[in-house]
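The values are calculated or read from the model by the stated rules, or taken from the named source; none is laboratory data. Keep in mind it's a predicted model, so treat the numbers as computed, not measured. Cβ sites come from the backbone with ideal geometry, for glycine too, and all protein chains shown count toward neighbours.
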Amino acid sequence: MPERAACDFQGAVLIADDHQVFRIGLAQLLRRHLKVARLLEAGSFAEAMEHLKNKDVSLAIVDLRMPGLVAPQGIAQMRRSRPEAQIVVLSASDCREDILGALAAGVHGYIVKSQHPDQLIERLRYILGGEIYVPPILAERPPEKGGRLEVSRSPMQSLSARQRQVLMGLVEGKSNKEIAQALNVAEGTVKMHLAALFRVLGATNRAHAVAMGKQLID
């Protein structure tokens with residue numbers, strides 16, 4: 001299991017999704033597992049933007065397909081509205097274009113709705129711990145032309161300290177299990193970091209990431 005962020009959760013959480021039953025279920029999960037005391041709900045983009053005016057909102061969980069939201073522009077607008085808040089997309093779509101568009105707009109994570117509830121909570125804890133969650137499916141699919149996200153910094157500077165450690169393990173020829181043991185984290189956490197590495201480096205597969213890693217480290 002990924003490292004857990006400290007809870008009880010501080011601040012308010014906004015759930016922006018046009019399906020009321022889903023909002024109710026997610027709210028129950030957040031109260032039970034993250035000890036969230038204050039929850040706000042929105043069924044449309046306009047309602048979500050109105051709630052984001054509340055300075056207590058520190059986390060917004062957003063569905064890409066809710067009425068009024070044109071992604072990724074709408075996501076970028078939400079980020080500008082509340083730059084202090086963490087924005088997480090929770091969507092039924094596992095489309096590469098949707099994922100890359102949301103990440104480029106500045107979200108702190110993209111979670112696919114098909115996740116088991118326990119996995120969903122793990123992903124949220126991972127994000128609340130200060131990491132960017134990228135679904136592993138992104139690393140499993142070769143990037144399309146122009147699919148790499150452009151960054152203003154060098155690739156190594158764009159990686160977190162933990163991601164650099166994972167990259168070092170790759171270059172050393174370690175398996176995911178060996179990297180997990182060396183870093184004292186779950187193997188699933190290593191896979192999350194690998195997905196982020198692939199995205200930042202623009203690597204098409206593990207061997208490609210290793211080759212690029214050797215160039216950056218040398």
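Within segment 33-50, track down each residue that is at pLDDT 95 or above and touching a helix residue (DSSP H, G or I) at 6+ places or on another chain (Cβ under 9 Å). Selection gives Leu39, Leu40, Glu41, Ala42, Gly43, Phe45, Ala48, Met49.
For segment 161-210, filtered to residues that are of a type in the set (S, T, N, Q) and surrounded by 18 or more Cβ atoms within 10 Å (Cβ to Cβ), the residue that is farthest from Gln115 (Cα to Cα) is Gln163.
Could you identify the single residue in Leu167, Leu124 that is in a helix (DSSP H, G or I), within 19 Å of Ile75 (Cα to Cα) and at pLDDT 85 or above? Please lay out each step first, then the result.
Working: Leu167 fails: within 19 Å of Ile75 (Cα to Cα).
So the residue among Leu167, Leu124 that is in a helix (DSSP H, G or I), within 19 Å of Ile75 (Cα to Cα) and at pLDDT 85 or above is Leu124.
With respect to being basic (Lys, Arg), under 16 Å from the mean Cα position of the chain (by Cα) and either closer than 14 Å to Val13 by Cβ or surrounded by fewer than 21 Cβ atoms within 10 Å (Cβ to Cβ) (or both), Arg79 fits the description.
Condition check ((1) over 19 Å from Met212 (Cα atoms); (2) modelled with pLDDT of 85 or more; (3) touching a strand residue (DSSP E or B) at 6+ places or on another chain (Cβ under 7 Å)) across all residues:
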{"residue": "Leu90", "(1), (2), (3)": "yes, yes, yes"}
{"residue": "Ser114", "(1), (2), (3)": "yes, yes, no"}
{"residue": "Gln119", "(1), (2), (3)": "yes, yes, no"}
{"residue": "Ile132", "(1), (2), (3)": "yes, no, yes"}
{"residue": "Leu138", "(1), (2), (3)": "no, no, no"}
{"residue": "Ser152", "(1), (2), (3)": "no, no, no"}
{"residue": "Pro155", "(1), (2), (3)": "no, no, no"}
{"residue": "Ser175", "(1), (2), (3)": "no, yes, no"}
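Among the residues of segment 197-207, the ones that are under 26 Å from Gly106 (Cβ atoms) and in a helix (DSSP H, G or I) come to 5 in all.
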